[in-house]
Each structure stands twice: as structure tokens, then as C-alpha cells.
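The values are calculated or read from the model by the stated rules, or taken from the named source; none is laboratory data. What you are looking at is a predicted structure, and each value in this text was computed from that prediction instead of being measured. With ideal geometry, Cβ positions are generated from the backbone for all residues, glycine too; neighbour counts draw on all protein chains shown.
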Amino acid sequence: MSLREYLRQRWRAMTWSWAPETELEASDAIVRNLWLHWFPNKVTLRSASWSYSLWLGTAAASLFVILLVTGMLLMFFYVPSVQTAYWSMKDIRFAVHFGFLLRNQHRWAAHLMVGVTFVHMARVFYTGAYRGARALNWLVGIVLLLTTLLLSFTGYLLPWDQLAYWAVTVGTNIAREAPLVGTTLRFLLLGGNEIGQATLLRFYVLHVFVLPAILLILFAYHMWRVRKDGGLAAAEPLRRSRRLTPTAPSPSKTYSIFGVRPGATLQTLATTHVEETDVAFSSPELTRRLTLVFLLVFNVTLLLSIMFDAPLEEAANPNLTPNPAKAPWYFLWLQELVASTTIRLGHVTISGGFIGGILIPGILLLLAAAWPFLDRSANSTEGVWWPRERLLQNLVFTAVAVAIVALIIVSLYFRGPSWGFYWPWQAWPPSPATL
Amino acid sequence: MDEGRRGVLRILGKGSVAAAFLMQLAAAARAFVPNVLYEPLRRFKLRKPGDYPQGVTFDADHRLFVVRQDDDFHVISAVCTHLGCTVQWKLDRKTFDCPCHGSRFQADGTNVSGPAPRPLSCFAVAASPDGYLEVNTAEEVARDFRFVATKGRA
Amino acid sequence: MGLLLAVAGVAAVSRHSLTMRRFSRLESLDFPLLVVLSVAFFALVIAGVVRQASPDWGPIQERFRGVLEENGQLRAARAFTPGIRQLWLPELGRVDRCITCHLGYEWAGTLPATLPAPLAPHPPLPYLDAHPFTRFGCTVCHGGQGFAVTIRDAHGDVEHWDDPLLDRRIAARNGLTQSELMQLRCNGCHRREETTPGMETIAQAKELFRKNKCLVCHVVDGRGGVKAPELTFIGDQDPELFDFTHVTGPHTAFNWHVQHVTHADVVSPGTAMPDFDFPAEEGRALALLLLSWRRVDFPPSYLPGPSAVTAGEAPARQPVSPPVIAGAEAGREVFVTRGCNSCHGVGSGTVIGPDLKGVGGRRDERWLRSWLADPAAVIRATPDFQKWPAEYGNIVMPNQNLSTAEIDELISYLAKL
């Protein structure tokens, strides 16, 4: 054959699964592909729609991929030693080609990931997609959120500048307030009593290997559970309406994590309860949208990276606390609470560190984790945005989320030296200089 | 071999595998508890008592204040009990102020305003055999603890 | 390469999307969205590449090549390759990339001194040979951010860098010339020399320091009195730890030192430090000296060799404790807390002011009262006393602003000495 034919054939061999030309190819593209086989062969139109899930989970995953790649590249230049870390950051910014872009993208993707993961959790809550069999996946999601926060926190220390050092001082001192285990926890985290080389190394290893590994494994399980639970909850209303026409359950087997089990599972039942007209092929629908979401997310991080440089303050100085010293923004609501919840009853003082730093977030976390088991709404409201029956709980969730965001905004823009209240346009007292 | 013996051997076999695994896990976990600390010592020498002026002197290297009244010495920690920032001595108000969240402590370390839950720690101070002030930050003392420097050695 | 892949990928996906329309149920927004995002992606990648490819030093280096050619340095011009240049000083833990723009630095004598900045050669100062670029770099003397390669960041006048370039602007706003200002860096290493060529302002300040007997109250380098804070590394003190309540003008450590050294009791009310009332130039010189006293952790091979140590006896470490007299404890308390014993001994000879042993027999109560209220007025009013300051190092006893009660108590004590 001609060269042109040969090239066309080779190209086709590589890309057929992303652009199938027959229905059989469309099915095979998913089922036989290592990267794509976690998608179902077909998805309901509503599951794949923009407006149901806003594709937030995919956005979070895309951000994680960006973080993995930029992080891996940064590892070639960053040195986790207290003498060298700060200067290696300066070198990345000034002396490495596209170093500024790598570092900025890593930082903005990290901030975005914390935010997007939370909004994704809100979406799942609002659509009641945590109920029934999906309760386990909800818990896995909460652990993923915590891992994301920990990843961001461990990464925050690595530049070893004033911002990093004191933010971690504040954060680990809040951790110390945990009853019984607090002091030991802080000692093990820091590798000692003070933040030093041991701390930097521990945080570095946690940040580049342990936590990403945990995240990846949990993410894989998170996807597994989505399949096992019968796909997104968006399909539940459809299934319920279709199931009114009785059909005999087909004999089937299913592959679970530990082997083959006989019988019909949610997953197999799910696929038999919808009609041909309700679904579309995952390849090309899902794959195309996946690409779009990734491209959108990448563009956003790239835009932010070009417009705004990630901060790097003075080199860490344990002898001088900057005024004010603020935790990373996703913990600022805790710091604001900690600063204002010290209770003084005569001679007894209950530390704000405990109330604001451990008790309140602890209660919120427990509530969130327990909610699938406390929720009393009807099954028919699954997969629906803001159904009337769940109005109250959705409002409460929103109120808590808004309160958290409000606290973050206050402590970010309205708090100045000595944690005093300053309007954003009000000038802070000028910081004295040497000359 | 009869069933009973086989059962016992089975338990012993699986048990030793489990034990080996658990011991490995415990060893790995124990490795993470540091035995040596690359940190400044908890007990260290400052300068000789005679080298300190009257009043409050900030020691930046050790994050503490040396307070001298005539020949009475005591040492107050400069680490705010709220979230660990370094407090500053304000001579005009005679208070220790923390720049992070506005905690304020009296001259004896008592917390009077702001979110700090506990007073500033006072550390034990004594004389080393060669006549230096020696502080032990692992040992806290009462607020009214005073170390009297022996005269004639200043 | 990345661009090509992006183009190819985008084209492939969009082409197949078109062909696969018959399988596509959800496409409504997707195709326009794809186009918009691809275009945006392109633009952003190009923006990133442009930012990396157009550094501040690019045009400057181009000009330098031209300058080399114009001045007959053809071989150097041919060999010139653009790129970041740096002086790496591992012993000092510094990297100075200033020479990426300041390319003429080592061409003194060959390239004209009249070249415009930043290409001009380094002025051929007499002590430059003792401080070769390859061992000292630039920022050790000039300040600035050696790691940076953008103009603003390298000159260090940015947020979160507290060692800016010591330029004419900073010097002028502190009432100094640039070469005066830079002496504060020299003295970091040369502090133990009495005088050093090129450091006239600092030498003047050291002389003032000696003459005014600052060591009586302040410890510097292990010698001196402990009445007042130690000054050995006072230059390291963070500006935030100074009290600016009574300081006029900008809140800088330099300004604080100038005012404190000149009128101590204005800046620190209630201090025992005398009001020296230095002329402005001397105040600035002393402030420079104080700011120059910093921890310098250079290897010993960098420091100047031993030379004549600043002369002057080290005074007693502690002011001598005045005698306890029954019935006059309150007066003794005032004597100690208001710092009288930092200048006056009792039976131990002249420290700064005269020994006060027996003063109760030499002066009556009325005289003591008028003296303690305003010593300078008494000297002015009595011609005989006007030779006193000369006998005591040209120092007039500062007015301690004592209250009537304090004067009463003091007199009851002094009368019994």
C-alpha cells in the first residue's frame, strides 16, 4: 500500500477508541481500553449532561493530574533542606525555563482543587447522591477531601518562607489541641518539638509520595464504587419511571474486587432498566466531554499562572513572627474561629484552639460522614437537584458553607496586624523598614 | 498426621506469618518516633548573671525573656500560648503583646486579654557550676519563682 | 512540539466529532466550546512562551554585544552568548546574577566609564583589588536580590525582600550619599579596625563612640557596662521591634537610631541615656555604625586580619552598688532606678561624673535642690562652674526630670553620703 494509506492505518490503530465508527467499536473502545474501561459502555443522557453534575468530579481529577505532572517536574529542582529550600524556590522562579509557569500552575491548581472538591461534595449533597448504596462512596469522598486538604497543607511548608513556616506553626498548634493525642500527634508530625529539618523532610515525603499514593488508590476505589453503585444518581429517577413496566431480571454474574459472584447486582440491574433512547455511547460522548473539561481546567490554571505569580515571602525566620500570621486560606475559617472562641469562665479557660480548631470542624465532619445514615427523605428524591423534601437540610448545608466562606473572606481581607479589624481599603500601619 | 495436630500446626504457621507481619509493621511505626532531636537543647546556659541589665532582656536565640530585679532573676517564655508566635515586650505598657491575634500578658506572664488560653510559661533557672545562668525549658516553675544570683560572682 | 501536538489533537478530535455526528446525542454546546477552549489554550501557551522568551536582560545583552564591537573587542563580541550569568559564591551561600545586565563590570580600563547604566564598568576604586568579584560577588556590598533576573526583583525594592540595593535614592532619603551609605556594609567585616581607608564616615562614628564613652552603659563585643541593652549585633534587630511612638518622620531603624542617639529621652522617655544633642551629620554617622553591627557568618578567610583594637579601658561591668543607709532606703531606690550610679560612684572615683562620697558635707540642701532640678541652669548661672563640663568629657549632667518627691528622697540620701 502507499505511504499515505499506511499512515492512515497506523493513525486509525492508535485513535480508534476515541473516535469509533461503528457501535461495536464504540463498545469495545470502552471495555477493552485500560484507561477508559472504568466508564460504562453507555451512559444515560442525563448523567452525561453538563447541568446535572457540572462535571465537578472530573474537574477535580483534572486538577489532580495537572498537580501530579507539575509536581513531578518541580521535584527535579526543589531541594527539601532547610538551608537550600528557599533558594531553590528562587531558582525555580528566576533561573529555570518556564519554572515560573510550573510553580504557579502547581500552586493555583492546588488552591482550585481544594475549592472544586468542596463544591463537588456540595453538588453530591444537593442531589442526594449519597443515599443507600452510595453511602460508602460518600465516605470515601470525605476521606478524599481530607487527603486533599492534607496534601495542600504539607505542600504549603515546602517553600520554607515566612508564610510557610508560620502557617504550619499555626496549623500544627491547632492540631496539638486535640484531646489526648494532640501533643503526640504534633510531635510525630514535626519529628520533634519544633519545626525544623525533620519536619520539612516528613512533610516533603508525605506530600510527594504517601498522600498522592493514598489519593490515587482512593480515587480508583471511588470510581470503582461509582460503577458498582450503578452509575451516577442522575439515572435513578429515570430508572424508577422505567421500572414501572415490569421486566424479568436477567441471570447475570458480576466481577467484584475479590472474584466473580453470581447474581444480579445494582450495576447489572441498572443497565437493564433503561431504554435505548435514554442512553448514549461513552465513546465519544463521555470521552469528548472529559477532554473538554480537562482543557477548560488547564486553561484556567494557565491563565491564572500567567497573570498572577505565586507568593514567596522572606526566608523563614523562627525568631520573628510576621504580623499578621495567617494559615492557608482553607484553614483561615478555623483560625478566625480559634481567635474568637476562647471561653473564659472565671479562672478556667477553654482554649479557642480546641473549640475552633478541633471541636467545631470535628462536629461538622462527623455530621457530614453520618448524614447518609441520618437522612430520612424518600428514595424518589435521589438524583434530583434541591427536591422539596430535602429543602431544610440543603438550606442548612448551604448556611454552613456560606458561613465557612464568609469566615474565610473576613480573615483573608478584613484582618490586619494583631488580628485587628481593617476594612479592605483601610491602610495597615506601615511596616517599619531598616533604611 | 491427625486433624488436631494439623489444626495446631496451621494456627502456628499462620500465626507466625501474622506475627512477623505485625512486628515488621510495629518496627516501621517505631522508626518514626524520633530518638534524637536536631533542635536546641532544652537545658542550656545563657550568660553570667552580671551581664544582664536590670529589667527585661529579650533573648532571640532561645525565645525567652530574662528578667532581672537587683539580683533576682526569672525567665519567662516568649512563645505565645495561643498558637506559638513570639510575643514582644512593651516597655511603656509593661505587657507582653502577641502580634498574631492580639493576646496580651502582664509582666508576670498572666494572660489578660485576647485568645491566649494560658499564661506564659516560666522556666527553671539556676546557676551552672561555672557561674552562668542555666535555663531548663523542660521544667516549668511558679510565677513567683526567683533565682538569686550569688553576689561577688557577677 | 507541544504546540504541534495541541494542534493535531484538537484537529483530530474535532474532525472525528464531525464525522461521528450520527452517534452523538449531546453535542449542542460542545463543538463551539471546543473551538473556544482550543483558541484560548493556544493564546495562553503563546503568552507563557512570550513571557519566558522576553526577559528584561535580553535587549540589554544585545546592546552590550554592540558596545563590545564598537570598542574594538571583536573576539569578545563574537564569543558573546546571551543567557543568564551568575557569580556563584558557595562559601557565602550567595548567587549574584547582577552581571546578567551589568555586563561591563570587569571591563574597567577597556570600555569607557561613560557607558550608560547598566553596561558601565565598575568604578576602579582603590580597594576593589582586595575584594575580587569572584570571591565577594556584588550583593555583599551593594545589597539587592542576587538570585533574581528581572530588574525590579534584582534591585530588591519589592515586597518580601528586606535587603534592597543601596542606591542613591535610599541614601538621599536618609540624608546620606551613596558611598556613605555603603560604608555600613563595609563595617560588617571591618568593625574591629579603628580606621579603614574608604570608611571615613564610619571612622568618625567610631571616634564619637569612643569619646562619648558609650561603653559605660552598653556592651559591644564583650566589653562595656550592662546598664543598657547590648549593641554587639544591634543591626540585626528587626525594625518591627523598635518603638516609634515618639519618633518623627519615617518609621525606619535608621531614623530611630539617629533620633535616639541625639535626643534619647524624647524617643525613650524616662531613659537614663544622656541627651547628647549631636549635630545631624554625627547622628547619622552613629546610626550607620549601629546598623553596621550585624552577625556576619563569612568564613575566616574573608575577614580582615587582626589590627589595633579600639582603645579605651573597659569600664566596670556593673555600676557599683551604692551603700545602703538606714532611714534613707527610698532615696537609695531613686539613686539606683533613675541611673545616678551609672555615672556617679560613691567612694570608687570618677566614672563619668564626680564621686559623690561626702557630697552631703560639700553641698547644702538648697544647692542640691536647684542642681537636681536643672543642672544646666546652675552651670549657666555660675561662672565658676562653667569649666566643669570640660573636666568631665564635655558632658553636662542631663536633666533627669525628677519629681519633687524624688528630689526630696534623693536629698535625704545624698545628705548622708
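A compact table of results
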quantity	calculated
Considering residues of the range A:145-157 that are crowded, with 22+ Cβ neighbours inside 10 Å and aliphatic (A, V, I, L, M) only, the residue farthest from the other protein chains (Cβ to nearest Cβ)	A:L151
Qualifying residue in the range B:72-82 (condition: away from every other protein chain (no Cβ under 11 Å) and in contact with a Gly (Cβ under 9 Å, 6 or more places away or on another chain))	yes
Residue ID - farthest from the other protein chains (Cβ to nearest Cβ), chosen from residues in the range C:101-156 that are surrounded by fewer than 20 Cβ atoms within 10 Å (Cβ to Cβ), in contact (Cβ under 8 Å) with a residue 12 or more places away in the chain and among the hydroxyl-bearing types (S, T, Y)	C:T110
Conditions (1) in contact (Cβ under 8 Å) with a residue 40 or more places away in the chain; (2) assigned to a helix (DSSP H, G or I); (3) within 11 Å of chain A (Cβ to nearest Cβ); number of the one not met by C:R169	(1)
Those residues of the range C:186-200 which are in a loop (DSSP other than H, G, I, E, B) and acidic (D, E), in sequence order	C:E193, C:E194
Tally of residues being farther than 11 Å from A:F94 by Cα and in a loop (DSSP other than H, G, I, E, B) across the range C:146-156	2
Test result for C:E159, out of contact with any Asp or Glu (no Cβ under 7 Å at 6 or more places or on another chain), buried (at least 17 other Cβ atoms within 10 Å of the Cβ) and in a loop (DSSP other than H, G, I, E, B)	no
Any hit, the range A:329-341, residues being crowded, with 22+ Cβ neighbours inside 10 Å, hydrophobic (A, V, I, L, M, F, W, C) and within 9 Å of chain B (Cβ to nearest Cβ)	yes
Among (1) surrounded by fewer than 17 Cβ atoms within 10 Å (Cβ to Cβ); (2) at pLDDT 95 or above; (3) among the β-branched types (V, I, T), the one test that A:V116 misses	(1)
Conditions (1) more than 29 Å from the chain's Cα centre (by Cα); (2) under 24 Å from A:R239 (Cα atoms); number of the one not met by A:K42	(1)
Candidate set: the range A:1-49, residues that are within 14 Å of another protein chain (Cβ to nearest Cβ) and among the polar types (S, T, N, Q); chosen: the one farthest from A:D278 (Cα to Cα)	A:T15
Qualifying residue in the range B:27-45 (condition: closer than 30 Å to C:A272 by Cβ, touching a residue at least 40 places away in the same chain (Cβ under 8 Å) and either within 12 Å of chain A (Cβ to nearest Cβ) or not in a helix (DSSP H, G or I) (or both))	yes
Output for the range B:83-118, where each listed residue is polar (S, T, N, Q) and at the interface with chain A (Cβ under 8 Å from one of its Cβ atoms)	B:T86, B:N111
Residue check, C:D236 without any contact (Cβ under 8 Å) to a residue 40 or more places away in the chain and within 18 Å of C:D297 (Cα to Cα)	no
Filtered residues of the range C:201-222 (kept if within 11 Å of another protein chain (Cβ to nearest Cβ) and either part of a strand (DSSP E or B) or within 13 Å of C:L289 (Cβ to Cβ) (or both))	C:H218, C:V219
Selection count where residues are part of a helix (DSSP H, G or I) and of a type in the set (S, T, N, Q), scope the range C:342-363	1
Residue count, the range A:183-199 (criterion: more than 11 Å from chain B (Cβ to nearest Cβ) and either basic (K, R) or buried (at least 19 other Cβ atoms within 10 Å of the Cβ) (or both))	0
Index of the failed condition, A:K326 passing every other in (1) more than 14 Å from chain B (Cβ to nearest Cβ); (2) of a type outside the set (D, E); (3) touching a residue at least 12 places away in the same chain (Cβ under 8 Å); (4) within 30 Å of A:P417 (Cβ to Cβ)	(1)
Which numbered condition C:S179 fails, given (1) modelled with pLDDT under 95; (2) buried (at least 19 other Cβ atoms within 10 Å of the Cβ); (3) outside any loop (DSSP other than H, G, I, E, B); (4) away from chain A (no Cβ under 14 Å)	(2)
Qualifying residue in the range A:50-63 (condition: away from every other protein chain (no Cβ under 11 Å), touching a helix residue (DSSP H, G or I) at 6+ places or on another chain (Cβ under 7 Å) and at pLDDT below 85)	no
Extreme residue, nearest to B:A107 (Cα to Cα), among residues of the range B:124-144 that are at pLDDT below 90 and of a type outside the set (G, A, S)	B:Y132
